[in-house]
Every structure is written in C-alpha cells, then in structure tokens.
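Heads up, the thing below is written out as structure tokens.
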Amino acid sequence: MQGPDVAAIRPGEELDLDALAHLLDRCLPGPPAPLEAFQFPGGHSNLTYLLRRGGREYVLRRPPLGPVPPRAHDMAREAHILEKLAPLYPPAPRVELICEDDAVLGRPFYLMERRRGVILRREVPAEIAALPDHPQRIAEGFLDSLIELHSIDIAAHGLDRLGKPEGFLERQVQGWSRRWETARTRPVPAMERLSRWLLDHLPASPAPTMVHNDYKLDNVMLAEDDPGRIVAVLDWEMSSVGDPLVDLGVLLCYWPEPGDPPARREAISPVTTQPGWPSRAELLERYRAKTGRNLDGVAYYEVFGVFKLAVVLEQIYRRYHLGQTRDERFRQFEATVRGLADAAEVVQRTT
C-alpha cells in the first residue's frame, strides 16, 4: 500500500534498490529487512522518494537525472546543514543517513525522517478548506515560522560558519545571472534587463541570519488538525547564512494575488489568490512588526525572487528541451519564464 501522497516511481527515475538495500542494511539500526520505494510526485527539481524498511519510513532526496548546473542540487550540503539546524529549529527534519558515494545511486543522497502533514500545492484540501479562517491561520503560521528561523542566534550556535554573510546578496545576484546565461534556451530580453538592473541597484543588507532561500508554501508541511502549525520545513538545498530579506523576497514571489499577471498567478500555485488570503502588504506588515526590520526597499527582493523563479524554471525547461527528462509538466515552462520576466519588470517599476 503506497498511500495517498506518494505514487509509483516515474519511468526513468527508478532507484537501484539492491545497492540501496545493501547500504541501508549496513548503516541503519536493526537487522536486514526488505526495502520498498515509492515517489513523492510533487516538486520540479530534486527527486524525493519514500522508503519503507523494517517497519520504519524514511524520505530519500537525490539530485535530478542528467547534467545539472555546477554547485546546484548539492544533497550532501543540504543534509549537513539540516544536521546542524534540526536541534535548534523544530520544523527542520532529522537526518538519518548521508551517502556521498556515487557508486550507490550515481549521485550523493541522504535519508531523513518522515514527517506527516499537509502540503499545499495547487488547491487546499477539503478538510482544511472547511475551516472558515484557514487562509489567515496558514499565512500567520507560515510567516511566523520564517521569523523563528531568522531569530536564531547564528553566532551562538556556530551557524555563522555555514556561509559568508559579507557580500551574500551580491554573490546571489551574480550567481543567478550566470545561471540564466548557462540555462537559457533562447533570448528573453526582459531577463537580460532584469539581470543588469539587479546588479546595478544592490541595496545594503541588514544583519545576517539563517536563510532558507526557497521559503514557499509547498516547502512547508502543515498539521492536519491545525493548519496554522508548521510540522516541517523542507528543501534546504539553497540555505545559507546571509540577508534575511532574500527569504522575504522569495515568499512574496510565491504569494500571488488576484490582480497579478497570469504567469505569476499560475507559475507554481494560485492558492493565495483565493478569497480570504492576506495580501503581500499584510504579510510585510506582520514581519515588520515582529522583527523591527526596515522593509522600505523590499520590492528589490521581490523582483529578485521572481527573477530567480524564472531561472529555476528555465533550468528545468532546458532539461526537457534537451530530452534529459520526459516529464511533460515541463513543456509549458518556456512560456511561463517569459511571463515571469514581464511580471518582475512590473514590480521593478514600483521601486
């Protein structure tokens, strides 16, 4: 029985279960046991699987198949960050095993504990939608969990060594601009303009914090009985120490409103365009009130968030374009990237 949130593994994305079982029998507690594997079908980037072995469940994360951009999809780094963060930040899952030996599955991967809850993708499950105040409860819990992450004393716990806070934002902008140049399959003039603008208008960063760097609704897991409680925060691949407003820009990017251009409303999920969901301005006011941070220049970070999303989708589309993946979900990303670039320029004109 595979369960409602997992599926059979997609063709071409199978795991070498014999090699994996041999590793787990050697490295996990308990006697050797049969191994079952299923796939979590959501997400567009790294591959995530459910493993069942000896009465326990684990989540395996590995990079996508085919060539990947340099330093991207570093699952070993993600796992090592989670090891340090989990004791300090309850939504961070516990790591069970890290494998950096390519001989097992072809690329480094890791296993973490399985947590159970609800992930919002393109619609709200009926049991949560039945709660009249669910949009406000989800929004507040989601935002407050980010504020909790940004409140960790990184120096006191040695987390400041996980990255280089000085120049973090500039390196991020330069890095994502390079990724665009490497990934693009055709000219998109708006993306070229945005890249230049972001580099020319770098703001001064506030004091550094722990940064998730991809904080969005479908990267958090909600408690089934209380959607305002965050059970887990997932996908720590790009996390580091740096400018906390980068996280806020990503959050705004993935929080579409009814009046946004179609590409922005539909790029990942239109959930927050439905009645009752707080606006981006309301989220900013709550963050400002709880952290005391100056958010006057936050539109820059929103532009950067949308720009990054366009680059990510172009990287995924490139793999589809080159025949490195057969996942038909990615065909539409060519048009989505252009629409996101146009949407980012709309925000840019408000700065």
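The values are calculated or read from the model by the stated rules, or taken from the named source; none is laboratory data. The structure presented is a predicted model; accordingly, all values stated were derived computationally and were not measured. Cβ: placed from backbone, ideal geometry, glycine included. Neighbour counts: every protein chain shown.
Could you check L295 against (1) assigned to a helix (DSSP H, G or I); (2) of a type outside the set (D, E, K, R); (3) over 25 Å from E237 (Cα atoms) and say which number it fails?
With (1) assigned to a helix (DSSP H, G or I); (2) of a type outside the set (D, E, K, R); (3) over 25 Å from E237 (Cα atoms) applied to L295, the lone miss is (1).
Kindly indicate whether any position in region 48-63 is within 15 Å of L234 (Cα to Cα) and either among the polar types (S, T, N, Q) or assigned by TED's automatic domain parsing to the domain that holds L149 (or both).
Yes, some residue in region 48-63 is within 15 Å of L234 (Cα to Cα) and either among the polar types (S, T, N, Q) or assigned by TED's automatic domain parsing to the domain that holds L149 (or both).
Looking for something within 28 Å of E181 (Cβ to Cβ) and out of contact with any Ser or Thr (no Cβ under 7 Å at 6 or more places or on another chain) - is there at least one such residue anywhere in region 270-285? Can you show your working first?
Within region 270-285, the first condition is being within 28 Å of E181 (Cβ to Cβ), and the residues that meet it are none.
For region 270-285, residues within 28 Å of E181 (Cβ to Cβ) and out of contact with any Ser or Thr (no Cβ under 7 Å at 6 or more places or on another chain): absent.
For residues in region 327-341 being surrounded by fewer than 17 Cβ atoms within 10 Å (Cβ to Cβ) and in a helix (DSSP H, G or I), which is nearest to the chain's Cα centre (by Cα)?
Filtering region 327-341 for residues that are surrounded by fewer than 17 Cβ atoms within 10 Å (Cβ to Cβ) and in a helix (DSSP H, G or I), the one nearest to the chain's Cα centre (by Cα) comes out as R329.
Give the number of residues within region 253-293 that are more than 28 Å from S151 (Cα to Cα) and aromatic (F, W, Y).
Final tally of qualifying residues: 0.
Going residue by residue through region 310-323, is there one that turns out to be in the same structural domain as R179 (by TED's automatic domain parsing), within 20 Å of P64 (Cα to Cα), in a helix (DSSP H, G or I) and among the small types (G, A, S)?
Yes - at least one qualifying residue is present in region 310-323.
Looking only at region 81-113, count every residue that is in contact (Cβ under 8 Å) with a residue 24 or more places away in the chain, under 19 Å from L23 (Cα atoms) and assigned to a helix (DSSP H, G or I) and tell me the total.
The number of residues fulfilling the criteria is 3.
Would you pick out the residues in region 148-170 that are in a helix (DSSP H, G or I) and either surrounded by 15 or more Cβ atoms within 10 Å (Cβ to Cβ) or at positive phi (or both)?
The first filter runs over region 148-170 and keeps only residues in a helix (DSSP H, G or I), leaving 148-150, 159-162, 168-170.
Selection gives E148, L149, H150, L159, D160, L162, F168, L169.
Mind checking which residues of region 122-138 are closer than 17 Å to V231 by Cα and assigned to a loop (DSSP other than H, G, I, E, B)?
Within region 122-138, V124, P125 meet the criteria.
When only residues in region 249-292 that are touching a Leu at 6+ places or on another chain (Cβ under 8 Å) and assigned to a loop (DSSP other than H, G, I, E, B) count, which is nearest to V211 (Cα to Cα)?
Per the criteria, the residue is Y254.
This table checks each residue for (1) buried (at least 21 other Cβ atoms within 10 Å of the Cβ); (2) modelled with pLDDT under 95.
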{"residue": "A207", "(1), (2)": "no, no"}
{"residue": "Y215", "(1), (2)": "yes, no"}
{"residue": "L222", "(1), (2)": "yes, no"}
{"residue": "D225", "(1), (2)": "no, yes"}
{"residue": "D247", "(1), (2)": "yes, no"}
{"residue": "W255", "(1), (2)": "yes, no"}
{"residue": "G259", "(1), (2)": "no, yes"}
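Considering every residue within region 200-216, establish whether at least one is under 21 Å from A79 (Cα atoms), over 17 Å from the mean Cα position of the chain (by Cα) and either part of a strand (DSSP E or B) or free of Cβ contacts under 8 Å to residues at least 12 places away in the same chain (or both).
Within region 200-216, the subset under 21 Å from A79 (Cα atoms) is 209-216.
When the remaining residues are screened for being over 17 Å from the mean Cα position of the chain (by Cα), the result is 209.
The next check asks that each one be either part of a strand (DSSP E or B) or free of Cβ contacts under 8 Å to residues at least 12 places away in the same chain (or both); those that pass are 209.
Yes - at least one qualifying residue is present in region 200-216.
I'm trying to understand the selection: among the residues of region 261-281, which are in contact with a helix residue (DSSP H, G or I) (Cβ under 6 Å, 6 or more places away or on another chain) and at pLDDT 95 or above?
Step one: filter region 261-281 for residues in contact with a helix residue (DSSP H, G or I) (Cβ under 6 Å, 6 or more places away or on another chain), giving 261, 263-265, 267, 273, 276-278, 280.
Once the filter is applied, which keeps residues that are in contact with a helix residue (DSSP H, G or I) (Cβ under 6 Å, 6 or more places away or on another chain) and at pLDDT 95 or above, region 261-281 yields T273, G276, W277, P278, R280.
Tell me the residue from V312, V298 that is crowded, with 17+ Cβ neighbours inside 10 Å, of a type in the set (V, I, T) and more than 20 Å from H201 (Cα to Cα), please. Step through it out loud before you land on a result.
Details: V298 fails: more than 20 Å from H201 (Cα to Cα).
Just a single option satisfies the conditions, and that option is V312.
Can you find a residue in region 171-181 that is in contact with a strand residue (DSSP E or B) (Cβ under 8 Å, 6 or more places away or on another chain), among the polar types (S, T, N, Q), buried (at least 20 other Cβ atoms within 10 Å of the Cβ) and in a helix (DSSP H, G or I)?
There is at least one residue in region 171-181 that is in contact with a strand residue (DSSP E or B) (Cβ under 8 Å, 6 or more places away or on another chain), among the polar types (S, T, N, Q), buried (at least 20 other Cβ atoms within 10 Å of the Cβ) and in a helix (DSSP H, G or I).
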